[in-house]
1. Percent relative contact order of the stretch 22-195, based on C-alpha pairs within less than 8 angstrom and at least six residues apart?
2. Return the sequence-ordered ³J(HN,Hα) values of the stretch 156-168 in whole Hz as given by the Karplus equation 6.51 cos²θ - 1.76 cosθ + 1.60 applied to θ = phi - 60°, using x for Gly and Pro.
3. Which one of A181, P44, V83 has its Cα pushed farthest toward the positive end of the charge dipole of the chain, where Lys and Arg give +1 and Asp and Glu give -1 at the Cβ?
4. Based on alpha-carbon positions alone, could you give the equivalent ellipsoid semi-axes of the stretch 22-195 from the gyration tensor, as √(5λ), descending, whole Å?
5. List the longest stretch of the chain that has no exposed loop site; here a site is one of the trypsin sites (Lys or Arg not before Pro) assigned by DSSP to anything other than H, G, I, E or B, with at most 10 other Cβ within 10 Å.
6. Given +1 on the Cβ of Lys and Arg, -1 on the Cβ of Asp and Glu, and no further charges, what dipole in debye does the stretch 48-176 carry about its Cα centre, rounded to the nearest 20?
7. Which residues make up the longest stretch of the chain clear of GluC sites (Glu not before Pro) that lie in a DSSP loop with no more than 13 other Cβ atoms within 10 Å, not counting the sites?
Amino acid sequence: MKPIERSQLIDQLNWRYATKQYDPDRKISSADWTALEQSLVLSPSSLGLQPWRFIVVTDPATRLALLPATFGQKQVVDASHLVVFATKTRLSEADVDAHVRRAAEVRSVPVESLAGLRESAMRSIIHGMDDEKRLSWARNQTYIALGTFLTSAAMLGIDATPMEGFDRAAYDEILHLQARAHTASVVAAVGYRHPGDKYAQLAKVRFPAEQAVLHL
């Protein structure tokens with residue numbers, strides 16, 4: 001597969017911004033959305049454990065209910081799509097075994113041949129952390145998926161807004177995440193910028209590479 005041009009990568013990353021105002025009349029095509037969902041599925045995670053669930057909220061009434069829990073940020077209701085990145089709260093031995101079985105199935109190898117993977121996950125994640133540290137670790141993995149998603153959207157010319165300004169407990173209650181043994185970690189609104197969004201024209205503010213990147 002031929003990689004994209006370097007200039008295209010940089011151009012798209014310069015083009016993207018945390019969109020403040022979405023055009024509620026523009027919707028992401030089904031083909032583009034399928035690709036974005038696959039970018040979520042393909043997101044990397046430590047040991048491949050994928051301690052997450054991506055909640056795509058399409059019901060208008062539910063999105064309206066989430067608005068006050070997002071402190072009135074209209075992206076939640078105006079964007080074409082809304083994704084809640086939910087983190088698994090009780091990662092267990094059963095989750096490790098499910099991942100090992102899936103790896104064996106996909107790669108057509110015996111489960112027993114993946115004993116090393118299972119032992120590493122059990123030692124470092126399941127037995128090597130208490131509940132609080134394990135949840136913190138899992139949240140960090142969820143943010144990796146967010147980064148993959150934001151970049152993928154930019155490559156398709158689709159706007160996205162990562163959002164941490166929301167009431168996690170309220171989101172968990174409205175979306176019934178406790179019953180699914182998950183908790184909301186971060187939200188992404190996705191769609192197309194409104195022509196009147198003044199922030200779209202602002203220069204991107206970043207420290208120069210010589211300050212941000214250290215070569216050792």
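Throughout, read-outs are computed from the coordinates displayed, never taken from laboratory work. Treat the numbers as computed from the prediction; the structure is a model and nothing was measured. Because the Cβ atoms are built from the backbone with ideal geometry, glycine has one as well, and the counts that use them run over all protein chains shown.
1. The value is 37 percent.
2. In residue order, the calculated couplings are 8, x, 10, 7, 8, 10, x, 9, 10, x, 8, 8, 4 Hz.
3. Going by the charge dipole, the pick is P44.
4. 32, 19, 12
5. Within the chain, the longest run free of exposed trypsin sites (Lys or Arg not before Pro) spans 1-203.
6. The calculated dipole for the stretch 48-176 is roughly 220 debye.
7. Between exposed loop sites, the widest span is 6-163.
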